[in-house]
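The values are calculated or read from the model by the stated rules, or taken from the named source; none is laboratory data. As the structure is a prediction and not an experimental result, all values here were calculated from the model. Quick reminder, even Gly has a Cβ in these numbers, built from the backbone with ideal geometry, and neighbours come from all protein chains shown. Areas reflect the complete protein model, heavy atoms only, side chains present, ligands, DNA and RNA absent. Shrake-Rupley method; radii C 1.70, N 1.55, O 1.52, S 1.80 Å.
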Amino acid sequence: PNLSTCFKVPQEIRRLIDTTDAIEGFNRQLRKVTRAKSVFPTDDSLLKMLYPAMMDITKKWTGRRQD
């Protein structure tokens with residue numbers, strides 16, 4: 001019954017839900033990287049840690065989306 005409720009949602013809204021899930025997954029992977037170190041002395045030090053992590057995460061994106 002829960003799954004059938006999901007399919008009753010219009011297609012356009014389901015696409016938004018899928019997009020939100022992808023963004024949440026990306027943020028979750030970034031939090032994994034920053035969890036080990038809770039304090040960063042500067043914003044640049046945080047960026048220097050996140051940039052390589054973002055490059056690694058985006059390399060794994062292989063799926064194609066329609067539209």
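For this structure, a couple of remarks:
- Gain in span if fully extended, residue 16 to residue 61, counting 0.36 nm per residue against the direct Cα distance: 14.4 nm
- Cross-link partners of residue 60 among lysines (Cα-Cα below 17 Å; sequence separation of 8 or more within a chain): 32
- Angle in degrees between helix 43-59 and the longest Cα principal axis of the chain, rounded to the nearest 10: 40 degrees
- Net dipole in debye of the chain [+1 Lys, Arg Cβ; -1 Asp, Glu Cβ; about Cα centre; nearest 20]: 260 debye
- At R0 = 35 Å, FRET efficiency that the Cβ-Cβ distance of residue 39 and residue 9 yields, to 0.05: 0.25
- DSSP loop trypsin sites (Lys or Arg not before Pro) with at most 15 other Cβ within 10 Å: longest gap in the chain: 1-36
- Using alpha-carbon coordinates, inclination of helix 11-35 to the longest axis of the chain, degrees: 20 degrees
- Top of 53, 36, 22 by mean-square fluctuation, Gaussian network on the chain, Cα under 10 Å: 36
- Taken per residue, the accessible surface of region 1-44 reaches 88 Å², heavy atoms only and a 1.4 Å probe.
- Over the chain, the reciprocal of the mean inverse Cα-Cα separation, the Kirkwood hydrodynamic radius, stands at 14.5 Å.
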